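The values are calculated or read from the model by the stated rules, or taken from the named source; none is laboratory data. Quick caveat, the model's predicted, so the values are computed rather than measured. Methodologically, a virtual Cβ is constructed for each residue, glycine included, from the backbone with ideal geometry; neighbour enumeration extends over all protein chains shown.
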Ligand SMILES: [Zn+2]
């Protein structure tokens, strides 16, 4: 919302500068986002008239003009193409200044003397894009002002315009008077409404209004203005519209926009001669009814929408946009002004359904005050009478089936102070409320408050508290530290602690943490080789995604890790070790009837010259070790994204905790990564569930351990884990630790075989084991390895 | 014997290696050494002379022994020094790194914020990212036709289920299942349908805070957030509360902190205003309390919410939001 201070000051008696007003309003709740000054840097620019315009003798695109500025006639060279002799224009004289520090000096242009400059609207600091075509990319053509008049004075240019961010609860502030009221309350100045006197003609108003859909239209006010002459509106009005960011069009439309800006009530003007029998009917649209709106588009309507109609056709979409069939044109003579109030949710619904938003609809859907309609209609009539050359006919139509009731609230000042933690005297509360035009009556300990009609947002005590607090000043409320509250203990839950610990372990393993987006597309799953019938494809779908490739909620983190790996590889990052902890979304059924499972998942990815399968496995094992998860088994994974021989599924009993390994070469090709990449995905929720970080103490061993090495030759495809299992099962309780220290293939080992070597530590907690005892166990292990696995001692 | 001692002394003083010392020891004191030979020759002495000579011999042995040890120590010391000299390393060469990973800057910022609030007695609550429309809007005093819904471009899954647009639904879930006193923060991902650019992202991170108890005041809201600002941005930080609007709080406020880049003088970071908008807050709306089953006559509370991504960018001076999601290792390793 753009508010011109000069306009604002018509309604509030205030004498402060723009910055002070902006700061004050920001701190009382109307946030000012910027201030634009007009005219400040402009000097020595006057109104001139072109009396002669000739081609420049030495340049094709230049003109030489003789400009009358009253006191003298100046020769000025210009490159503009939109002017002709007789036009009134702004002339920057020798020594003039313009916005942006521009200084104008006389000089020669291609050998012809130029004693100043003809100015465009842009050069005067105005937004040219809001001006009609003929004014753009050229000189600003003025109405006939007195020659030599200072341009600031002629255009009433000098002004400061404040840009407000208006919150959706305060549609009343989308108007000059709304901001004026806030200004008055903030600075405790007096506010005055615009003075409106309508000069009516003799002729009776011929128009009739019938509201059929009283549930969607609460009030409809109309007036007829006869014999208008369509033309430009006065320059001061155009300037105010321009400063508010509204395009000037013609006097009638400009008046409706002007009143909307000033009072906040959107108006519409119909060409009355095109309204059948001058009878306005406010009704629901018929199913499939068609209307061409002012933007030239044909709209197909349904019965949820409200139309303004005459006796035979729809002539407007109530509160959204008028119809082309009754549009004001250059030949319009008689006008019906509409000032109505509509149900906000219905306006919202219609404008959403049709994809049609207008200045009017965006105001109506926030909820407007029906009490302002008559005033707005009168204001428009007054201005049309004055600036459109018409006659306002006698009588105003006002259909208002169910007048709005006033809201009355009772509040307790002591309670308010207790709630705020403040000590505001009741008298100050009353003063604040009165400055906001609330009527206040003291009733014993309590205040009875009558809410002004334009404050539809105030419906309960909490709303009153806010009004008092914001005008008292939030920063005047003293800080406190919950001295009345009970003490609470701030702590992490066990699973939150474990999640943090997981992160710490992965960081300690040298992995960097990454964060990626939650959306995926089918293509992401294609790239990691996920078959069509995979459960990974059963993903939650967004109805209104940003694009097909972001339409699903991810069921796996793998594609994201690979994307990041690619980003880094392509940027020549030589070593990459990363993890992400985020959620995947697993629906029980589709479409969703209940919320999907959100599973916290760890994703790991790495590549680099020292990275192999056992690097990522080491990270995972370290994690399990810290988390106290024992008895994890690794079996061959059968996941299409991974290398079948170099990937493993992690099992804890029956439970699958995750998958990791080398990425399938096909997948790497899809990602255009020419090096081996190792990734893994682990279910963090399950890790947290299975973690056991409760520590118990066992006494340190008193008796020495005996270490024996053993090397056996086994089949190439036998898992080392199997050998270890046999050793452990045979050795029983005397085995303290088994450590693989060598795997060897080569000379002395037959083809298809490998030698695996372990160190075994034997220890008893009760006594020192004798050599004989150890030998006996060791021999039985050798025997068992041979018998059960065909492993031969090397 | 005196001659022998002088001779030994002279020779030992010339020795410059441990081997020489050892061979001198043998030469003079060994089984076949000079002193032994002299002692052997004592047989020719008179019996009464023997103890005297023996005593002298022992004194000489002791003296030689002493010089030998002394010299040996000296040489050993010299040799150690010599050895250490050649062992000098180039201490400017790099160490063997144990690479510790880098936490994403957003996690670091969040950790820091969490720590502050844990210290103030807050716990951490979590909630689903795919949420019922009810918790995201209705229960937060934002019914279907509420104009505030326009401000949020929401991703929908069904008509009742959406991607949460704020972490505030966790407030409601917490109040539904916990009796006051409530003191929680709730960080998490939120979604709004914005195309990604330097300052917007369809996925971003928020942190919500909620306090509900008897006698909670707006002064408490200010006090707590002020402490947070000072702890997070530095003790000299000043705060300013401006009225604002959120459907689920009333009164509602936005908090600005004095610019930590310029201290409030005005610079590029703060848009030359000296202030930076940091969070939204307010007293929990009585309707919200009521809908969550908490009696607004008895209990009051405050809530606040802040954007982790934005604060991370401000804190580290990151000018493009996309960097946070790109995960270039060279970026992450800066933190
Ligand atoms: Zn600054």
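Scoring residue B:240 on the criteria (1) under 28 Å from residue B:322 (Cα atoms); (2) facing chain A (nearest Cβ under 10 Å); (3) within 16 Å of the ligand (Cβ to nearest atom) leaves a single failure, condition (1). For residue A:564, the conditions (1) surrounded by fewer than 22 Cβ atoms within 10 Å (Cβ to Cβ); (2) part of a helix (DSSP H, G or I) all hold with the exception of (1).
Consider the range B:251-266 and keep the residues that are at pLDDT 95 or above and more than 30 Å from the chain's Cα centre (by Cα). The one that is farthest from the ligand (Cβ to nearest atom) is B:251.
Take residue B:101 and tell me if it is closer than 27 Å to residue A:517 by Cβ, touching a strand residue (DSSP E or B) at 6+ places or on another chain (Cβ under 7 Å) and either in a loop (DSSP other than H, G, I, E, B) or in the same structural domain as residue B:182 (by TED's automatic domain parsing) (or both). So residue B:101 passes the test.
Within the range A:621-639, being out of contact with any strand residue (DSSP E or B) (no Cβ under 6 Å at 6 or more places or on another chain) and assigned to a helix (DSSP H, G or I) holds for A:621, A:622, A:623, A:625, A:626, A:627.
Looking at the range A:125-211, the strands (runs of 3 or more DSSP E) lying wholly inside it that each contain 3 or more residues that are under 39 Å from the mean Cα position of the chain (by Cα) sit at A:159-165. The set of residues in the range B:267-322 that are assigned to a loop (DSSP other than H, G, I, E, B), farther than 23 Å from residue B:105 by Cα, within 12 Å of another protein chain (Cβ to nearest Cβ) and more than 15 Å from the ligand (Cβ to nearest atom) comprises B:285, B:296, B:297, B:299. Taking the criterion of being part of a loop (DSSP other than H, G, I, E, B) and within 7 Å of another protein chain (Cβ to nearest Cβ), the residues of the range A:570-602 that qualify are A:571, A:573, A:591, A:592, A:595, A:596.
Restricting the range B:188-218 to residues that are over 18 Å from residue B:282 (Cα atoms) and part of a strand (DSSP E or B), the residue that is farthest from the chain's Cα centre (by Cα) is B:191.
Does residue A:430 qualify as being within 13 Å of another protein chain (Cβ to nearest Cβ) and either over 24 Å from residue B:281 (Cβ atoms) or modelled with pLDDT of 95 or more (or both)? Before you say what the answer is, go through the steps one by one.
Numbers: within 13 Å of another protein chain (Cβ to nearest Cβ): no; either over 24 Å from residue B:281 (Cβ atoms) or modelled with pLDDT of 95 or more (or both): yes.
No, not satisfied.
Does residue A:464 meet the test of being farther than 20 Å from residue A:405 by Cα, at pLDDT 95 or above and within 14 Å of another protein chain (Cβ to nearest Cβ)? Here the answer is no, as residue A:464 does not meet what is asked. Applying the set (1) touching a helix residue (DSSP H, G or I) at 6+ places or on another chain (Cβ under 7 Å); (2) loosely packed, with under 13 Cβ neighbours inside 10 Å; (3) not assigned by TED's automatic domain parsing to the domain that holds residue A:505 to residue A:722 leaves exactly one unmet item: (2). Among the residues of the range A:163-175, the one identified as surrounded by fewer than 24 Cβ atoms within 10 Å (Cβ to Cβ), touching a helix residue (DSSP H, G or I) at 6+ places or on another chain (Cβ under 9 Å) and away from chain B (no Cβ under 12 Å) is A:164. Only a single item in (1) within 30 Å of residue B:177 (Cβ to Cβ); (2) touching a helix residue (DSSP H, G or I) at 6+ places or on another chain (Cβ under 9 Å); (3) more than 14 Å from the ligand (Cβ to nearest atom); (4) touching a residue at least 12 places away in the same chain (Cβ under 8 Å) is not met by residue B:335, and it is number (1).
Just one of the numbered conditions (1) within 14 Å of chain B (Cβ to nearest Cβ); (2) touching a helix residue (DSSP H, G or I) at 6+ places or on another chain (Cβ under 6 Å); (3) at pLDDT below 95 is not true of residue A:390: (1). Scanning the range A:441-455 for residues that are buried (at least 18 other Cβ atoms within 10 Å of the Cβ) and in contact with a helix residue (DSSP H, G or I) (Cβ under 8 Å, 6 or more places away or on another chain) turns up A:447, A:449, A:454, A:455. Against the conditions (1) assigned to a loop (DSSP other than H, G, I, E, B); (2) surrounded by fewer than 23 Cβ atoms within 10 Å (Cβ to Cβ); (3) touching a helix residue (DSSP H, G or I) at 6+ places or on another chain (Cβ under 8 Å), residue A:325 satisfies every one except (1). Can you give me the number of residues within the range B:92-118 that are at the interface with another protein chain (Cβ under 7 Å from one of its Cβ atoms) and free of Cβ contacts under 8 Å to residues at least 40 places away in the same chain? Residues flagged as at the interface with another protein chain (Cβ under 7 Å from one of its Cβ atoms) and free of Cβ contacts under 8 Å to residues at least 40 places away in the same chain within the range B:92-118 amount to 5. With respect to the conditions (1) assigned to a helix (DSSP H, G or I); (2) out of contact with any strand residue (DSSP E or B) (no Cβ under 6 Å at 6 or more places or on another chain), residue B:225 lacks only one, and its number is (2).
Table: residues versus (1) surrounded by fewer than 20 Cβ atoms within 10 Å (Cβ to Cβ); (2) assigned to a loop (DSSP other than H, G, I, E, B).
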position	(1), (2)
A:50	no, no
A:67	no, no
A:77	no, no
A:84	yes, yes
A:89	no, no
A:113	yes, no
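Only residues that are in contact with a helix residue (DSSP H, G or I) (Cβ under 9 Å, 6 or more places away or on another chain) and surrounded by fewer than 23 Cβ atoms within 10 Å (Cβ to Cβ): list them for the range A:221-232, please.
Quick first cut of the range A:221-232, residues in contact with a helix residue (DSSP H, G or I) (Cβ under 9 Å, 6 or more places away or on another chain) only: A:221-226, A:228-232.
Listed by number, the residues that qualify are A:226, A:229, A:230, A:231, A:232.
There is at least one residue in the range B:170-193 that is facing chain A (nearest Cβ under 9 Å) and within 27 Å of residue A:32 (Cα to Cα).
Could you go through the range B:122-137 and let me know if any residue there is without any contact (Cβ under 8 Å) to a residue 40 or more places away in the chain, at the interface with chain A (Cβ under 7 Å from one of its Cβ atoms) and in a helix (DSSP H, G or I). No, because not a single residue in the range B:122-137 is without any contact (Cβ under 8 Å) to a residue 40 or more places away in the chain, at the interface with chain A (Cβ under 7 Å from one of its Cβ atoms) and in a helix (DSSP H, G or I).
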